[in-house]
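Visitor: Take a look at the following structure, please.
The values are calculated or read from the model by the stated rules, or taken from the named source; none is laboratory data. For clarity, every value in this text was computed on a predicted model and none was experimentally measured. Positions of Cβ are backbone-derived with ideal geometry, glycine not excepted, and every protein chain shown enters the neighbour counts.
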Amino acid sequence: MAIPSRIVALDGMMATVECFGEQRDVSLILLVDEVVLGDYVLVQAGRFAYQRIEAEPAQEALRAFSEIIAAS
């Protein structure tokens, strides 16, 4: 299961992404689409972003995950 992560910094084929206040560096080498700061991506194990997703569905998924975490 992948949780959407927002791009907060770009450096060539690497990006820093943020999700639930945590940041990590990921590779963009697998992406077909161009990305810019603020875009959301899905990240697989091994720290590779593999898909850019639109902001609205990403934010909906993040709200749902937040609710699940809060209920735990």
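Visitor: In region 1-40, which residues are in contact (Cβ under 8 Å) with a residue 24 or more places away in the chain and among the hydroxyl-bearing types (S, T, Y)?
Guide: Correct list: S5, Y40.
Visitor: Across region 35-55, what is the total count of residues that are assigned to a loop (DSSP other than H, G, I, E, B) and at pLDDT 95 or above?
Guide: Looking only at that region, the number is 6.
Visitor: Considering only region 7-18, state which residues are in a strand (DSSP E or B) and either surrounded by fewer than 18 Cβ atoms within 10 Å (Cβ to Cβ) or out of contact with any strand residue (DSSP E or B) (no Cβ under 6 Å at 6 or more places or on another chain) (or both).
Guide: Residues satisfying the conditions are V8, A9, L10, D11, M14, T16, E18.
Every residue, every condition in (1) on the phi < 0 side of the Ramachandran plot; (2) surrounded by fewer than 17 Cβ atoms within 10 Å (Cβ to Cβ); (3) of a type in the set (D, E, K, R), yes or no:
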position: V26; (1), (2), (3): yes, no, no
position: D33; (1), (2), (3): yes, yes, yes
position: L42; (1), (2), (3): yes, no, no
position: F48; (1), (2), (3): yes, yes, no
position: E54; (1), (2), (3): yes, yes, yes
position: P57; (1), (2), (3): yes, yes, no
position: R63; (1), (2), (3): yes, yes, yes
position: E67; (1), (2), (3): yes, yes, yes
position: A70; (1), (2), (3): yes, yes, no
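Visitor: Considering region 1-54 alone, what residues qualify as being basic (K, R) and farther than 17 Å from F65 by Cβ?
Guide: R47, R52
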